[in-house]
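The values are calculated or read from the model by the stated rules, or taken from the named source; none is laboratory data. Keep in mind that this is a model prediction, so the values were computed, not measured. A quick note on method: Cβ atoms are made from the backbone with ideal geometry, for glycine too, and the neighbour counts reach across all protein chains shown.
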Amino acid sequence: MIPMMAVPASAGATTLFGSGSSAEQPILNVLFRAYNRLHASIRFNYLPDGGNAGVQDVQAGRRLFAVNTRPPLPSDSGTTYFKLFLDGLCVAVNPSNSLSGLTVAQTKNIFTGVATNWSQVGGSNLTTTIDPVGRNSSAGSYTFFQQAVLGGATQSSNVHPVTSDGLVATAVSKDSSGIGYVGLAHAGKGSGVKALTLNGVSCSQANIKNETYPLFRYIWGVLPTGHASRTVETFFDWVRTSKQAGQIIQRAGAVPAFNKK
Amino acid sequence: MDRDAYLDHDPDAGFLEPDRRLSQDQRAELGLGALVCVVVGLLVALFVFVLREAWPSFAHNGLAWFGGGGSVDQQLQAISTSGDLKHAPVYTFHAWPLIWSTIVITIGAVAIAFVSSLFIAVFMVEFAPPWLRRILEPVVRLLASVPSVIYGLAAVLVLVPFIGNHLITQNEKASVTPTIQLSGSSLLAAIVVLTVMIAPIMIAVFADGLRSVPRGWLEGSLALGINRWRTFWKVGVRTARPVFVAGTVLATARALGEAVMVSMVSGGVGFAPNPVDGLIFFFEPSRPLAATIIAFTEELSSPPMKHTLYAIAAVLLFSSAMLSVIGWAAKQPMRRYGLVP
Amino acid sequence: MTTATPTPARSTPKRSGSSASWRWSDRLGLGLAWFLGLLFCAIAAAIVIYFLVEGIRYLRPNLLVTNPAPGVSESQTGGFLDPLLGTLILGAMSMAVAVPVGVGIAVWLSEFGRPTGLARVAESAVEMLAGEPSVVLALFGTILFTVGQLGFLSQTSHGIVLGQSFFAAAAMLSLVGLPMVVASTREGLQAIPSHVREASYAVGKTKIATTRRVLLPAARPSVITGSMLGLGRVIGDTAIVLLLLGGTLTFQAANSTPLLGLLRGTGDTLTGYIYYNAPTGDGNQPSKAYAAAFVLMLMVLAINVGVDFVVRRSQRAVRWS
């Protein structure tokens, strides 16, 4: 189990059980703690089993809410999606790779196994075999990448599937021939990886906010239709619109969408 | 004198008192017997619950569950996404790549560990100089009790980078892409770390068995003029043979069930390593059964995935139960000689 | 009459150990034994020294007293106080269940053991339990503790039973430690000669009184050995901890009741902490993982030394005539 940093207990506390995206887990944890400081009796227990798994949990009533990183699909019946904030999926390579940018089509070729060697990709100084790293199938990030880049095709079998964004960043930072896709929070300075420009647009907060970056996405809060918990709805409203939440989101590397300035 | 005077200070004496109710012994027997029944009941419950949860997966697949066909990772993905309410649950699952990986890793590790442990145990019990023996015995016991996650940590930080950077060449990587990606997390890493983990256990068990061979038998053989090595090998090792079987079975059960450590180094891809690939076979990633459970354990809440994971657990459960039975049966000959190690 | 010393018809056979009686296959065998033995020494030394060096390099006293905290760099992420306490708590809880139950079962098997069918079944059950992978026990625990009736052992919220808590993990871990206690205690009890029991019965003691007053005290070293071996297995287990303890790096109590709230809540242990901070886990701070591994190994070493000490003391104990 990937550990969850829930918030401390207090008397008369309600625990809200949620699950979903692990890419957004770092941001969510900070949001949970900040909310708990405002409302001491509300605590969160969040299981980062992947966006898709989180939605299933909500549908089956196993969890009160979920957080997903892809837009709603017909299979998500019985749930309602709320936009929380913006994020981007960056494509990152090892800093020793001289490559600075790719097109979406080139990325697709790499992750579907059409391009297997760095020498086939223009702009790279390497001649080694490409080592692609990606997310596993329960991740919302994977589904989003599948839709937005692979055109619905499945990841090639030589893509090494790992269970969290942090692990993608780790793998790419340690392998000079590596390439992977991570959320913006894991591709910043100090993460050990270099984010590429996609179709000429760099993966930055500004480009995500004005939606010029191809892989921008909304982070969605998911609630069961009809019998959602009022407490969670209030929490989602706070995340969407409050100034404090907006600052937290900004500092964590994502992009506030609707928050008051 | 009061007949019971000397009994007044002894609260445990019971046989001189009339039987008004269940005697102490009967109560104790019932109480302890109930305790035993509870524990046996728990084990039975373990089997029943795991089988009950595993049944849908076996029912949908039949014997094809153990066969091959299709990418096991894609099947697992399909199972996981079918857990929502819109789709009918998908259970198609052909676990052969996982089973093959388990077989190769377990048998590889047990084979290497068996041969090494046999000779090392013989060395330790008979031929090592006393000062070395005094050091070795506690060290073997310590290594046998080291938690497996620590071995996994060392393997990930030392062994895996070594294999990835020094043993795998670019040519080898290019020859198997894009089917799989070769990195240090491979069959070789899994076999090595598993061997290192089970060898001390086997050495400890083997050494115990060798030590329980009556010295008189060995001395008799020496007196007949047979050299030390031959004596120990032909008399000592042969007598302790049931212990070797039992120890090997024990180690196999441990190796089979080792999930966390192996999942860290085996590569995490549901791929059946292909022996035809020659040397590359050892560098191919795979994922044995127990590691698969750990890898997908977060999706346990999705019902079809839950049933599939329990099916894998059921296979592990039955394998280790069978190994326990074999191990018990193997120890019987030694009990006949009165040599309980 | 002269008596000549009879000359032997042939020379006496060479004594064992002289080179003439060694075949090359025997030499090979001996050589292999020496080679593998020394190789093992080298590998064992390498492992021990490696962990010693890395542990000392990374273990700082403040790691033992600070809690894990979210952060980005190594200096911000704190130590492993709560995981360390978690290991100790789980060890204590599971042994508190495993030792009495194990001793009880061993006593029943060794002293009572009727009906024989049940005794055989019980023996096999305990042996089977010893060989079970802890992953399977952990999965069984997830079924067991998410049942509504057992919600009091973990947390419930809005009808959802979490099923992960110290109680849940300790319950399954006691099953892991149980077989060691049973085996060792049984061995200890069976090593006591029957005349001791008969002498006790002869003065009028019941079987249970004999066990309590005579046999168990004599078998105490075996009980202690078995408990320590079981404890070693319990603190080294990772799979059950990962599935049944919740994996929150700090204690997250269920409510504010002093002890019960903590035990109903989630937490972590050293093994879970090491797994999290290994390069394959999300924390990915190998230095913290080394430090925690060093502490864990020290605990295991202490347990082993304890077992040695108890065994050696018992060998100096009363000898039955």
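A few remarks follow.
- Enumeration of residues in the stretch B:149-178 that are touching a residue at least 40 places away in the same chain (Cβ under 8 Å), more than 23 Å from C:F294 (Cβ to Cβ) and out of contact with any Phe, Trp or Tyr (no Cβ under 8 Å at 6 or more places or on another chain): B:S175, B:V176
- Per the listing B:V39, B:V48, the residue uniquely more than 14 Å from chain A (Cβ to nearest Cβ), assigned to a helix (DSSP H, G or I) and crowded, with 19+ Cβ neighbours inside 10 Å is B:V39.
- If only residues of the stretch C:265-280 that are part of a helix (DSSP H, G or I) and among the β-branched types (V, I, T) are counted, the one that is farthest from C:L85 (Cα to Cα) is C:I274.
- Flag if C:R220 is more than 13 Å from chain B (Cβ to nearest Cβ) and in contact with a helix residue (DSSP H, G or I) (Cβ under 9 Å, 6 or more places away or on another chain): yes
- None of C:L229, C:L249, C:L262 is outside any loop (DSSP other than H, G, I, E, B) and closer than 24 Å to C:G55 by Cβ except C:L229.
- Qualifying residue in the stretch C:281-295 (condition: modelled with pLDDT of 90 or more, closer than 16 Å to C:I89 by Cα and surrounded by fewer than 24 Cβ atoms within 10 Å (Cβ to Cβ)): yes
- Selection within the stretch B:54-72 - crowded, with 22+ Cβ neighbours inside 10 Å and within 12 Å of another protein chain (Cβ to nearest Cβ): B:A54, B:V72
- From B:L182, B:L210, residue being more than 8 Å from every other protein chain (Cβ to nearest Cβ), of a type outside the set (V, I, T) and outside any helix (DSSP H, G or I): B:L182
- On inspection, B:V146 passes the criterion of being within 14 Å of chain C (Cβ to nearest Cβ), in a loop (DSSP other than H, G, I, E, B) and either touching a residue at least 24 places away in the same chain (Cβ under 8 Å) or not charged (D, E, K, R) (or both).
- A single entry from B:L136, B:L85, B:L76 fulfils the requirement of being at pLDDT below 90 and in contact with a Cys (Cβ under 8 Å, 6 or more places away or on another chain): B:L136.
- A:S137 satisfies every condition listed in (1) at the interface with chain B (Cβ under 9 Å from one of its Cβ atoms); (2) surrounded by fewer than 23 Cβ atoms within 10 Å (Cβ to Cβ) except (2).
- Checking the stretch C:133-142 against the condition returns no match, with no residue being over 30 Å from A:R62 (Cα atoms), β-branched (V, I, T) and surrounded by 16 or more Cβ atoms within 10 Å (Cβ to Cβ).
- Strands (runs of 3 or more DSSP E) wholly inside the stretch A:110-196 containing at least 3 residues that are farther than 20 Å from A:S100 by Cα: A:160-162
Residues are listed down the side, and each one gets a yes or a no for (1) among the charged types (D, E, K, R); (2) away from chain B (no Cβ under 13 Å); (3) farther than 28 Å from C:G104 by Cβ:
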| residue | (1), (2), (3) |
| --- | --- |
| C:M228 | no, no, no |
| C:L231 | no, no, no |
| C:D237 | yes, no, no |
| C:T257 | no, yes, yes |
| C:L263 | no, yes, no |
| C:G267 | no, yes, yes |
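- Filtered residue count, the stretch A:232-261, keeping only those that are among the small types (G, A, S), in contact with a helix residue (DSSP H, G or I) (Cβ under 6 Å, 6 or more places away or on another chain) and part of a helix (DSSP H, G or I): 2
For (1) among the hydrophobic types (A, V, I, L, M, F, W, C); (2) in contact (Cβ under 8 Å) with a residue 60 or more places away in the chain, each residue gets a yes or a no:
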residue	(1), (2)
C:D268	no, yes
C:A278	yes, no
C:S287	no, yes
C:Y290	no, yes
C:D308	no, no
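- Per this entry, C:V196 is not counted among residues that are more than 27 Å from B:G152 (Cα to Cα), more than 9 Å from every other protein chain (Cβ to nearest Cβ) and without any contact (Cβ under 8 Å) to a residue 40 or more places away in the chain.
- The condition of being facing chain A (nearest Cβ under 7 Å), among the acidic types (D, E), touching a residue at least 60 places away in the same chain (Cβ under 8 Å) and touching a Pro at 6+ places or on another chain (Cβ under 9 Å) does not hold for C:D282.
- Selection within the stretch B:237-259 - within 12 Å of chain C (Cβ to nearest Cβ) and either part of a helix (DSSP H, G or I) or surrounded by fewer than 19 Cβ atoms within 10 Å (Cβ to Cβ) (or both): B:V237, B:A246, B:V249, B:L250, B:A251, B:T252, B:A253, B:R254, B:A255, B:L256, B:G257
- Within the stretch A:34-55, considering residues that are in a helix (DSSP H, G or I) and at pLDDT below 85, the one farthest from the other protein chains (Cβ to nearest Cβ): A:G51
- Check on B:L279, within 8 Å of chain C (Cβ to nearest Cβ) and part of a helix (DSSP H, G or I): no
- In the stretch B:210-219 there is at least one residue matching the filter, namely being aromatic (F, W, Y) and surrounded by fewer than 20 Cβ atoms within 10 Å (Cβ to Cβ).
- Search result, residues across the stretch B:65-94 that are in a loop (DSSP other than H, G, I, E, B) and under 14 Å from B:I312 (Cβ atoms): B:Y91, B:F93, B:H94
Rundown of residues vs (1) in a helix (DSSP H, G or I); (2) hydrophobic (A, V, I, L, M, F, W, C); (3) at pLDDT below 90, yes/no style:
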site: B:A189; (1), (2), (3): yes, yes, no
site: B:V192; (1), (2), (3): yes, yes, no
site: B:P200; (1), (2), (3): yes, no, no
site: B:S221; (1), (2), (3): yes, no, yes
site: B:I226; (1), (2), (3): no, yes, yes
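- Considered as a group, the residues in the stretch C:285-321 that are of a type in the set (D, E, K, R) and in contact with a helix residue (DSSP H, G or I) (Cβ under 8 Å, 6 or more places away or on another chain) include one that is farthest from the other protein chains (Cβ to nearest Cβ), and that residue is C:R313.
- Scanning the stretch C:125-151 for residues that are out of contact with any Leu (no Cβ under 9 Å at 6 or more places or on another chain) and either at pLDDT 90 or above or within 7 Å of chain B (Cβ to nearest Cβ) (or both) gives C:E127, C:I143.
- Residue in the stretch A:94-117 that is more than 14 Å from every other protein chain (Cβ to nearest Cβ), free of Cβ contacts under 8 Å to residues at least 40 places away in the same chain, surrounded by 18 or more Cβ atoms within 10 Å (Cβ to Cβ) and out of contact with any strand residue (DSSP E or B) (no Cβ under 7 Å at 6 or more places or on another chain) present: yes
- Hits in the stretch A:3-20 - residues which are at pLDDT 85 or above and not aliphatic (A, V, I, L, M): A:F17, A:G18, A:S19, A:G20
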